[in-house]
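Quick notes on the structure that follows.
The values are calculated or read from the model by the stated rules, or taken from the named source; none is laboratory data. Keep in mind it's a predicted model, so treat the numbers as computed, not measured. Here the Cβ positions follow ideal geometry from the backbone for every residue, glycine too, while neighbour counts run over all protein chains shown.
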Amino acid sequence: MSKPVIVSGVQPTGNLHIGNYLGAVKNWLELQNSGKYQLYIFIADLHSLTGKIPAEQLREQVKITAAELLAAGIDPDKTTFFVQSHVFEHTELAWIFNCVSPMGELDRMTQYKDKTAQQISATAGLFTYPILQAADILIYKGSLVPVGQDQVQHVELTRDIARWFNNKYGEFFPEAKHLLTKVPKVMSLLEPEKKMSKSLGAGHVIELREEPDEIIEKLKRAVTATIGGKKAPGVENLLGLLKEFGDEKTYKEFLLAEKDGTIRYGDLKATLSKTVSDYFTSFREKRANLLKNTKKLDDILANGAKKAQKVANTNMGTVRKLIGIR
């Protein structure tokens with residue numbers, strides 16, 4: 001019996017931070033190591049073109065993102081790991097899906113509406129972004145997509161696109177389902193009412209690659225003050241990180257101290273600094289080695305693309321026949 005197919009990707013728009021790790025990467029590792037699924041994890045360089053990243057920076061960042069995911073634990077022997085643009089069938093299938101998808105359905109996508117509401121220049125690529133996402137998933141006949149609640153809408157559209165195609169050309173694509181993941185709420189260090197994001201600035205995030213002294217300095221500046229007399233969201237955020245990266249005994253000690261008012265924020269920050277730093281010690285070493293040995297990195301990505309393309313090409317062969325272009 002074949003395993004359920006899981007497909008997911010990440011844009012190469014910057015170094016991975018602890019919000020990315022807890023929100024996506026850690027879950028991928030659990031799914032990968034469970035042995036229950038067939039995983040396709042890719043670096044979504046084509047999706048990143050909807051932003052403003054310069055060509056040379058994109059080229060470099062793809063390598064960095066690949067090294068970081070491998071260092072974090074993505075295993076190319078267990079997971080098909082590749083770069084999106086290296087498998088041409090993604091964009092070919094996206095065009096076919098463009099031809100069965102009503103514009104009205106794309107117009108209601110939350111991500112598109114949010115960006116246009118912020119008066120961000122809306123390109124055709126931004127508008128059809130969810131169709132390429134659907135192609136990313138369905139080219140491998142993905143049946144499960146691990147997402148947080150904010151991405152459920154895109155998976156629903158993927159299911160709709162599969163149905164529209166199947167109704168027009170005959171049953172072929174599965175109707176993918178979302179696999180809701182427990183995503184810890186990781187907030188900005190400096191503005192704890194906002195989600196941790198690189199777009200807020202370097203001081204708001206802790207990158208996985210950062211050295212112990214860098215983590216200490218960032219956490220020293222982390223906000224712990226209450227807002228309007230309410231529970232301090234910054235403290236809640238730091239305690240949440242200690243829960244995720246530390247041991248249960250230490251977490252409970254600080255949690256109790258916070259409840260009875262004896263907590264010392266300097267101690268919490270120092271403990272969390274060491275905890276996060278120790279957690280990613282091996283990651284930093286593996287990342288550095290991979291970025292020194294770019295040939296090994298290129299070989300891993302090439303092998304992953306070869307494995308992915310074999311499946312993608314087979315499925316596209318059937319699609320071409322179904323739609324009448326072969």
Here are I53, I41: which of them is β-branched (V, I, T), surrounded by 19 or more Cβ atoms within 10 Å (Cβ to Cβ), within 25 Å of T128 (Cβ to Cβ) and without any contact (Cβ under 8 Å) to a residue 60 or more places away in the chain?
I41
Restricting attention to segment 137-160, which residues are of a type in the set (S, T, Y) and not in a helix (DSSP H, G or I)?
Y140, S143
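Hey, can you tell me all the residues within segment 166-176 that are surrounded by fewer than 16 Cβ atoms within 10 Å (Cβ to Cβ) and not in a loop (DSSP other than H, G, I, E, B)?
N167, K168
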Might you check whether a residue that is within 29 Å of L70 (Cβ to Cβ), assigned to a loop (DSSP other than H, G, I, E, B) and either in contact (Cβ under 8 Å) with a residue 60 or more places away in the chain or in the same structural domain as A66 (by TED's automatic domain parsing) (or both) occurs anywhere in segment 211-222?
yes
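Regarding segment 89-102, can at least one residue be identified that is in a helix (DSSP H, G or I) and either touching a strand residue (DSSP E or B) at 6+ places or on another chain (Cβ under 9 Å) or not assigned by TED's automatic domain parsing to the domain that holds P12 (or both)?
Filtering segment 89-102 down to residues in a helix (DSSP H, G or I) leaves 89-98.
Restricting the remaining residues to those that are either touching a strand residue (DSSP E or B) at 6+ places or on another chain (Cβ under 9 Å) or not assigned by TED's automatic domain parsing to the domain that holds P12 (or both) gives 90.
So far as segment 89-102 goes, yes, one or more of its residues are in a helix (DSSP H, G or I) and either touching a strand residue (DSSP E or B) at 6+ places or on another chain (Cβ under 9 Å) or not assigned by TED's automatic domain parsing to the domain that holds P12 (or both).
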Could you check, for segment 256-274, whether at least one of its residues is more than 12 Å from A222 (Cα to Cα), assigned to a helix (DSSP H, G or I), touching a Gly at 6+ places or on another chain (Cβ under 9 Å) and of a type in the set (V, I, T)?
yes
Candidates I300, I263 - the one that is over 25 Å from P212 (Cα atoms), among the β-branched types (V, I, T) and surrounded by 15 or more Cβ atoms within 10 Å (Cβ to Cβ):
I300
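Can K231 be described as charged (D, E, K, R), assigned to a helix (DSSP H, G or I) and more than 19 Å from the chain's Cα centre (by Cα)? Spell out the reasoning first.
Numbers: charged (D, E, K, R): yes; assigned to a helix (DSSP H, G or I): no; more than 19 Å from the chain's Cα centre (by Cα): yes.
In short, no.
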All but one of (1) farther than 18 Å from A66 by Cα; (2) among the hydroxyl-bearing types (S, T, Y); (3) surrounded by 12 or more Cβ atoms within 10 Å (Cβ to Cβ); (4) at pLDDT below 95 hold for T294; state the number of the condition that does not hold.
(1)
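Are any residues in segment 153-165 of a type outside the set (K, R) and either in contact (Cβ under 8 Å) with a residue 24 or more places away in the chain or closer than 15 Å to P102 by Cα (or both), and if so, which ones?
Filtering segment 153-165 for residues of a type outside the set (K, R) gives 153-158, 160-162, 164-165.
Across segment 153-165, the qualifying residues are Q153, H154, E156, L157, T158, D160, I161, A162, W164, F165.
Please enumerate the residues belonging to segment 310-326 that are in a helix (DSSP H, G or I) and either farther than 17 Å from Y140 by Cα or out of contact with any helix residue (DSSP H, G or I) (no Cβ under 7 Å at 6 or more places or on another chain) (or both).
Residues of segment 310-326 in a helix (DSSP H, G or I): 310-323.
Within segment 310-326, K310, V311, T314, N315, G317, T318, R320, K321, I323 meet the criteria.
How about segment 245-255: which of its residues are part of a helix (DSSP H, G or I) and out of contact with any Phe, Trp or Tyr (no Cβ under 9 Å at 6 or more places or on another chain)? Give the steps one after another, and end with the answer.
At the first step, the residues of segment 245-255 found to be part of a helix (DSSP H, G or I) are 245, 248-255.
Across segment 245-255, the qualifying residues are E248, K249, T250, Y251, K252, E253, F254, L255.
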Per the filter on segment 30-52, residues more than 23 Å from E207 (Cα to Cα) and assigned to a strand (DSSP E or B) are Q38, L39, Y40
Of everything in segment 53-73, what is of a type in the set (V, I, T) and either part of a helix (DSSP H, G or I) or at pLDDT 95 or above (or both)? Give them in sequence order.
V62, I64, T65
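Can we say R163 is among the charged types (D, E, K, R), assigned by TED's automatic domain parsing to the domain that holds D45, assigned to a helix (DSSP H, G or I) and surrounded by fewer than 16 Cβ atoms within 10 Å (Cβ to Cβ)?
Values: among the charged types (D, E, K, R): yes; assigned by TED's automatic domain parsing to the domain that holds D45: yes; assigned to a helix (DSSP H, G or I): yes; surrounded by fewer than 16 Cβ atoms within 10 Å (Cβ to Cβ): yes.
So R163 fits the description; yes.
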